[in-house]
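See structure below.
The values are calculated or read from the model by the stated rules, or taken from the named source; none is laboratory data. Just so it is clear, the model here is predicted, and its values are computed rather than measured. Cβ coordinates were reconstructed from backbone atoms using ideal geometry, including for glycine residues, and neighbour counts include every protein chain displayed. Calculation scope for accessible area: heavy atoms of the full protein, side chains included, ligands and nucleic acids excluded. Shrake-Rupley method; radii C 1.70, N 1.55, O 1.52, S 1.80 Å.
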Amino acid sequence: MKIQDAVDDSMASSSPPPRSKGRALLATLAALVVALLIVVSAIVYTQLGQHRKGPLPSTPPPPAHTWVQVSHSYIFASLMAAESDPSILYACVVPVQSTTSNNNSASSYTILRSTDFGTHWQDVGSKANLGNSCQLAINPTNSSELYAIGLSVKGQSATSVLLHSTDGGQTWSTIQPRLTVPSAKIVPTWNVQQLTMVGNALFGMQWLLQNNPPIHSGVPRAFARLTRLVTSTDGGHTWTVIDQQFTSASQLVVSYVVDPSNTNTIYELVGSPWLPLEPTIAEPDIATIYSSNDALYKTNDHGATWQLLLQNLSSGTQLHLASGNPQLLYVGDFRVPLPLSRGENVTGDASVLSSFRLQVSRDGGGSWHDVPTLPHVSPEAYISSWLVSPAGSIYISLTSNSSSGGQSTPVVSSTSAAMPTGAPQSKIPTTTGHVVILYQSALTTPSPSYTPGPLVPIQRYDPTSNTWSPVTVPPAYGTLLATTPGGTNETVLWLMSSDSAGQVSLYRYLA
């Protein structure tokens with residue numbers, strides 16, 4: 001009896017009271033919950049930060065605020081970064097030795113790949129046999145998957161070739177695309193331009209035949225071929241038309257952008273055919289020597305319906321969307337003279353000709369506002385290119401040609417406008433003659449007699465502050481080729497230059 005009492009007393013003295021044990025358990029659980037919340041918060045914050053600032057590169061970005069020459073062996077026609085990893089780049093290029101040793105025939109393109117922001121390049125397109133054409137599209141979620149379009153020439157015929165790679169261009173397979181046009185009497189050969197990949201879909205522009213082209217004075221007022229926006233959701237095997245509604249108005253697609261957050265939302269710039277340039281009879285309905293027939297439309301339902309956003313845009317209009325902020329859109333148009341009527345006098349406001357108008361929308365095209373004019377820019381400077389970064393800033397490349405009497409391209413303020421919903425309207429300039437195919441080299445080398453003016457700083461427009469500011473003076477005469485993400489809130493500028501001796505260089509600058 002005494003032993004049992006001693007054991008009971010010992011257990012009672014060594015064990016904590018029931019209430020103290022419960023408090024310890026609650027304290028332990030609370031500590032675990034707090035730790036778990038900290039971990040979850042850190043993960044969520046990191047993911048939100050990456051979503052807001054873009055994916056982090058696998059390779060550290062290059063040094064900031066310094067121009068670096070990264071290539072002098074290729075002429076770069078296009079350059080783009082993988083959305084999933086901005087340090088991985090692909091470019092359509094022409095080897096310099098190909099252009100110098102093969103002056104009488106078209107140069108062959110190849111594809112370069114870089115995994116370190118362009119410091120080193122690998123030729124991954126030599127096995128693709130692109131010929132004298134090159135277009136690229138990268139899978140937004142897989143930097144190793146890309147599509148390319150080349151050109152196969154046999155005798156007097158040329159055929160576009162769709163290529164596919166799943167290993168970063170190390171190997172290529174050929175796709176046999178099929179174009180589906182239910183209302184067409186004759187389905188043309190697949191020949192897509194402006195290839196892009198958004199989400200899991202491919203997009204591009206395809207020439208299609210009109211069944212009943214409009215007739216004026218016994219001759220077609222426009223070509224019987226119009227470009228249409230097409231898409232493929234099965235890896236490029238089957239293609240369908242998105243904007244067939246514009247065919248009845250005899251309007252063609254000039255350019256387009258797709259909302260990366262919703263592929264059902266597409267912005268399309270449409271216009272009227274303006275080739276050939278020399279009609280036999282001057283038509284009274286051509287008021288000026290430049291065309292103002294382009295219009296901007298938007299669809300939110302993958303082309304089922306279209307809403308008119310802007311109209312009376314000139315033939316030199318360009319459309320850009322900020323991929324990091326799809327609600328941010330820019331429309332810039334050059335009033336470039338077009339000799340549509342032979343023998344006609346130039347009419348219209350001469351101060352508007354060759355000027356550059358820039359408008360911005362911050363609500364997906366619902367309203368438009370003027371972008372302020374460039375301050376402190378020499379009247380002798382003209383715009384050679386303008387690009388939009390993924391974050392939404394505009395970068396303008398200016399060139400001074402004062403010593404050789406170059407023509408100025410001033411930036412003028414445009415008129416704000418918001419257009420109501422409407423059906424496409426036909427505004428077709430009179431054209432006759434044969435279809436003309438225009439070829440443009442990847443980079444035009446200045447003539448030996450070319451004497452440029454002083455280097456002009458690259459300008460940046462910040463949509464948040466609505467102001468312009470100089471970024472940097474380029475290292476050589478050239479033009480901005482591309483802007484790509486550089487990591488956290490940074491943009492990489494790519495400048496392609498060529499001198500009168502034919503020396504070409506690609507420069508990189510982290511802004």
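Numbers at a glance
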| quantity | calculated |
| --- | --- |
| Summed side-chain charge close to Arg113 - residues other than Arg113 whose Cβ falls under 14 Å, Lys, Arg +1, Asp, Glu -1 | -4 |
| Difference of contour (0.36 nm per residue) and Cα-Cα distance, His369 to Gln307 | 20.5 nm |
| Linear extension gain, Thr159 paired with Thr263, 0.36 nm per residue minus alpha-carbon span | 34.6 nm |
| Computed FRET value (nearest 0.05) for His120 with Ala201, which takes r as the C-beta separation and R₀ as 30 Å | 0.40 |
| The stretch 77-185 shape via C-alpha gyration tensor axes, a/c threshold 1.5 | oblate |
| Per-residue ³J(HN,Hα) for the stretch 300-310, Karplus 6.51 cos²θ - 1.76 cosθ + 1.60, θ = phi - 60°, Hz, x for Gly and Pro | 10, 10, 6, x, 5, 9, 10, 10, 6, 9, 9 |
| Accessible surface ranking that places the most exposed of Ser248, Ser315, Ser87 first, with a 1.4 angstrom probe | Ser248, Ser315, Ser87 |
| Over the stretch 458-511, equivalent-ellipsoid semi-axes from the Cα gyration tensor in Å | 24, 13, 7 |
